[in-house]
Structures are given as C-alpha cells and as structure tokens.
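Input: a single structure, listed below in structure tokens.
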Amino acid sequence: MNKHAANVVGTFLTVLFCAGGIALAHALSRHALFADWHGFALLASVIVLIPLHEALHALGLLRYAKVSRADIRFGVMWRALMPYCHCTVPISVCAYRRMALLPLWVTGTATVGLLVLFPADWLGCLAGVALAACIGDVWLVLKLRRFTGDLFVKDCPSEIGCDVYSASP
C-alpha cells in the first residue's frame, strides 16, 4: 500500500467524515452547541482512541488468529505517520479480515451511537475521526477480497500492508 496515497486519502476522508458527523449532530434534535470544554474532550478522546484502535487489532489477533501475545508488536511508522499493531507470524486471510475490521465495528459503532444519543459537534468530529482511522484497514480488506479465506497473510514488517501466501510460510 502506498503510504503517501494512504495519508492523502485518510486526511481527505477524515475532514469529510468529521464534517458529516457535525452535519448529523446538527440534524438531530437536542443538538448541543460547541462549548469550551468540548475541544478538550475531543482531544482527550482522540488520544484514547488511537491506542484503543490498535489494542482492538491485537485483541482480534488473539481471538480470531489465535496467536500468542509474544507474536504481536506495537509501534509508530513515523515515515507514514501511522501507529500500528503488527503480527510477526502468518495468519489466515479470514482471521486477518476480521482483525482488521474489529476497530471499525467497535469504535465506529460506539462513537456514532454516542453521537446519536448525545448530538454534539465534538462527538460528530470524534465519530468522523474514529471512522476515518479505519480507512487503511478497510482498504487492506478490500485488496484482500479476491483471496480465499484459507490462504495465509503475513504483515509486512517495514511497509504498510501484507503479503499473501498459498500456504503457511
């Protein structure tokens, strides 16, 4: 996956999704206007969201791929400005898809649900950030759609993406 393209698309979609979240907040009754403390709440929530997103990937690896904790690494790919959860062993394409989409289902559903329950601009922006944070994951899953679930995937240790194998390497 091209890291420059991922950053450009990710930035564009973050702005688009945040605008959409704010528009949804305005469309709902009981909309709360932006208050002074909302900026702090948004910043704190995003700071929590990023490691939570990666922790959900790790949980997906443990649950769906049945890897050990020792096979999971966390870090930040500074050249691409992306935090990561990296698996050092090959896993099935099926498990990889489930692991990759777990943050979307959990953080995306939770933030959009909070936005609907408590319509506020900062929650609209948070929902947009949570959904946009999953763009790379969705992109990888879409790239893997042509492969059957019983093939194996190994995370690339130095680049964004993975390699697909016909059998466990």
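Assorted remarks:
- Taking amide H atoms as placed 1.01 Å from N in the peptide plane, the amide H of M77 lies under 5 Å from those of M82, Y84, each 5 or more residues away in sequence or on another chain.
- Sparse-neighbourhood loop sites, trypsin sites (Lys or Arg not before Pro) in segment 51-159 - DSSP loop, at most 13 other Cβ within 10 angstrom: K66, R79, R145, R146
- Charge-dipole axis of the chain as Lys and Arg at +1 and Asp and Glu at -1 on Cβ define it, positive-most pick from A55, S166, H4: S166
- Centroid-to-centroid, using Cα positions, segment 1-35 and segment 88-139 are 13 Å apart.
- Zone of L62's modelled label, taken as backbone nitrogen in segment 68-85 under 18 Å from a point 7 Å along Cα→Cβ: 68-75, 84-85
- Low-density loop positions, chymotrypsin sites (Phe, Trp or Tyr not before Pro), segment 1-45 - DSSP coil, at most 14 other Cβ in 10 Å: F34
- Test item: Cα-centred dipole of segment 57-169, Lys/Arg +1 and Asp/Glu -1 on Cβ, debye: 240 debye
- Couplings 3J(HN,Hα) of segment 107-119, computed from phi: 6, x, 5, 5, 6, 5, x, 4, 4, 5, 6, 10, x Hz, in residue order, whole Hz [Karplus 6.51 cos²θ - 1.76 cosθ + 1.60, θ = phi - 60°; x for Gly and Pro].
Taken together, the values in this text are just the output of simple stated rules run on the coordinates, not laboratory data. Keep in mind that what you see is a predicted model, and the values were worked out from it rather than measured. In this analysis, Cβ positions are derived from the backbone assuming ideal geometry, glycine residues included, and neighbour counts consider all displayed protein chains.
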